[in-house]
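K.L.:
Can you read through this structure? Questions will come right after.
Readers should treat all values here as calculations from the given coordinates under stated rules, not as data from a laboratory. Every value quoted in this text rests on a predicted model; they were computed, and no experiment measured them. As a convention, Cβ positions derive from the backbone with ideal geometry for all residues, glycine included, and neighbour counts pool all protein chains shown.
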Amino acid sequence: MFGKRGNDSPAPVRAPTPERPQAQPVAAAPAPAPARAEAAPRAAVAAPSMRMPDPVPAASEPQPARARPESYYETKTQVFAALIDTIDLSQLAKLDAESAREEIRDIVNDIIAIKNFAMTIAEQEDLLGDICNDVLGYGPLEPLLARDDIADIMVNGARQTFIEVAGKVQETSIRFRDNQQLLNICQRIVSQVGRRVDETSPICDARLPDGSRVNVIAPPLAIDGAALTIRKFKKDKLTLDQLVKFGAISPEGATILQIIGRVRCNVIISGGTGSGKTTLLNCLTRYIDTDERIITCEDSAELQLQQPHVVRLETRPPNIEGEGEITMRDLVKNCLRMRPERIIVGEVRGPEVFDLLQAMNTGHDGSMGTIHSNSPRECLNRMESMIAMGGFTLPARTVREIIVGSVDVIIQAARLRDGSRRITHITEVLGMEGDVITTQDLFLYDIVGEDSQGRLVGRHRSTGVGRPAFWERARYYNEEQRLAAALDAAEISEGALR
Ligand SMILES: Nc1ncnc2c1ncn2[C@@H]1O[C@H](COP(=O)(O)OP(=O)(O)OP(=O)(O)O)[C@@H](O)[C@H]1O
Ligand SMILES: [Mg+2]
């Protein structure tokens, strides 16, 4: 019988019907006990893998979040508590998603009938969907996870969830029953990849089987309830053509980027949080010739290289005892012993910058990485300070010489205030004048105004540099004419600039 917990019958059977109220465990259901109610499904129901839109279950249909009255949440809490008391979760876990949903549907309908909740059919359907999501999946997060148009999901405690859609961050009406439910869902998410998050290990970074990147920081570190951030994985990564379509770069700029990617310039992609650095890095790697051996190092594997000869490496956080950590620096150093032709570092955040620079100027031309910074100049400063933080006691001038000798091009990505993402600079690192690193902008984005909907209007242009410093490289790869043509075509006449 698929009823009260503790029933040993192996076959799931429906819950008692309303015609037999005396047999209803619902009547004896305790007052809502969210923590307990939530703990049970966590233990018993296998966590489904995080997924992109899935035809079953139907309750995950992409829908914009709708505001609901307080009474809805109260009813849901009561129905949920009664449901948890009624069903045998270990039996439920043995069913496929559709059958489990059917079972839950029947029991929830019974509970609503017995408890006499006044609801419209539509409200009942909503409630059913929500409850199924709570028991079988990621609760209130399910509808967000099912949407393809969301880039990031940011949960700040039980009562506040933001999403980023089309470059804009917006608040949703999604709410969790309480902080315990939220923490349980966080736990369910990270347990898929064998991680744990609770008071004793309150910080957790994980990459889910579908590639989404997750960070959880739980109380007591997060004061108002767990903070969960999900960068949703996009199966179909954006391509340079799509970036051109979105206006992130002009067609001529895209050609220049293709050439930079192909001719083995050492590239740093610089940009703020979520500005599109990884996307751009992924785009550039498409133009690497297929016979090159590439090694990628990432904290959380996001890149999708198309070449046949790729080794993908991923860092490892320390285990619960604080042991076993493999840092980015360990990976990059190890790479050098793996006969790479190019090394690609997903995100350079610390002293590994030194090893990447070393690789760049010791024959691994065409290596690439991303750095969190807001302009090419700031990117140079960040590299310097990351080297200093790594405890290398080199004179500042030597450090700058290493940077100049290693990096050919900095590509700047930015997320502008209207939410659009643009490539704002393609800048070459040229040399030193005295103690200062000299650079040369090849390609820029100018903001020229704002349209009636508040969207920024701008244009990409080349700066009139006819022969970039990587000209010889371009020539070596027979790309110099294409490069010259793209630079020419992107030039805007003096008159138009004014
Ligand atoms: N030019 C673009 N136009 C529209 N969307 C974009 C563009 N570039 C990136 N995106 C989307 O923005 C989101 C963030 O992109 P991405 O992961 O590349 O940023 P990031 O700078 O690497 O972020 P982080 O700092 O978190 O590592 C992704 O969902 C991506 O698909
Ligand atoms: Mg990134």
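K.L.:
List, in order, the whole-Hz ³J(HN,Hα) value for each residue of segment 134-144 obtained from phi through the Karplus relation with A = 6.51, B = -1.76, C = 1.60 and θ = phi - 60°; use x for Gly and Pro.
P.N.:
Result, rounded to whole Hz: 5, 7, 9, x, 10, x, x, 6, 3, x, 6.
K.L.:
Now a separate question. If R0 is 51 Å, what FRET efficiency do you get for Asp330 and Glu491 from their C-beta distance, rounded to 0.05?
P.N.:
In this case the efficiency is close to 0.65.
K.L.:
Could you pull out which residues in segment 432-446 have an amide N less than 14 Å from a spot 7 Å beyond the Cα of Asn361, following the Cα-Cβ vector?
P.N.:
432-433, 436-438
K.L.:
Where a Cα-Cα gap under 20 Å defines reach, which aspartates and glutamates qualify for Lys237, not counting those fewer than 8 residues away within the same chain?
P.N.:
Of all the aspartates and glutamates, those that pass the test against Lys237 - Cα under 20 Å, at least 8 places apart if same chain - are Asp54, Asp148, Asp149, Asp152, Glu164, Asp210, Asp289, Glu298, Asp299, Glu302, Glu314, Glu347.
K.L.:
5 Å is the cut-off here: which amide hydrogens, built 1.01 Å from N in the peptide plane, fall below it relative to Ser270, excluding neighbours closer than 5 in sequence?
P.N.:
Ile371, Ile411, Gln412, Ala413
K.L.:
Please turn the phi angles of segment 101-110 into ³J(HN,Hα) values with the Karplus equation 6.51 cos²θ - 1.76 cosθ + 1.60 (θ = phi - 60°), one per residue in order, whole Hz, x for glycine and proline.
P.N.:
Values, residue by residue: 4, 4, 4, 5, 4, 4, 5, 4, 4, 4 Hz.
K.L.:
A further question on this structure: Each residue of segment 425-434 in order: what ³J(HN,Hα) in whole Hz does its phi give by Karplus 6.51 cos²θ - 1.76 cosθ + 1.60, θ = phi - 60°, with x for Gly and Pro?
P.N.:
Whole-Hz 3J(HN,Hα) from phi for segment 425-434: 9, 10, 10, 9, 9, 9, x, 10, 10, x.
K.L.:
Here is a further query. Give the lysines whose C-alpha is closer than 28 Å to that of Lys94, dropping any in the same chain fewer than 8 places away, or say none.
P.N.:
Lys4, Lys76
K.L.:
Ok, one more. Fewest to most neighbouring Cβ within 10 Å: what's the order for Asp446, Asp88?
P.N.:
Final ranking by Cβ density, sparse to dense: Asp446, Asp88.
K.L.:
Listed here are the pairs Lys234/Lys277; Lys277/Lys333; Lys168/Lys277; Lys232/Lys277; Lys168/Lys235; which of them are more than 19 Å apart at the Cα?
P.N.:
Over 19 Å Cα-Cα: Lys277/Lys333; Lys168/Lys235.
K.L.:
OK, next. Which of His372, His460, His364 has the fewest other C-beta atoms within 10 Å, and how do the rest follow up to the most?
P.N.:
By the 10 Å Cβ count, ascending: His372, His364, His460.
K.L.:
Using 7 Å Cα-to-Cβ label points, what is the Asp236/Glu321 separation (nm, one decimal)?
P.N.:
Each label point lies 7 Å from its Cα, and together they span 4.8 nm.
K.L.:
Give me the dipole magnitude in Debye, nearest 20, for segment 240-497 about the Cα centre, with unit charges on the beta carbon: positive for Lys and Arg, negative for Asp and Glu.
P.N.:
Dipole magnitude for segment 240-497 comes out near 200 debye.
K.L.:
Using Cβ counts within 10 Å as a stand-in for footprinting exposure, how do Arg188, Arg316 rank, fewest first?
P.N.:
Listed from fewest to most nearby Cβ atoms, that is Arg316, Arg188.
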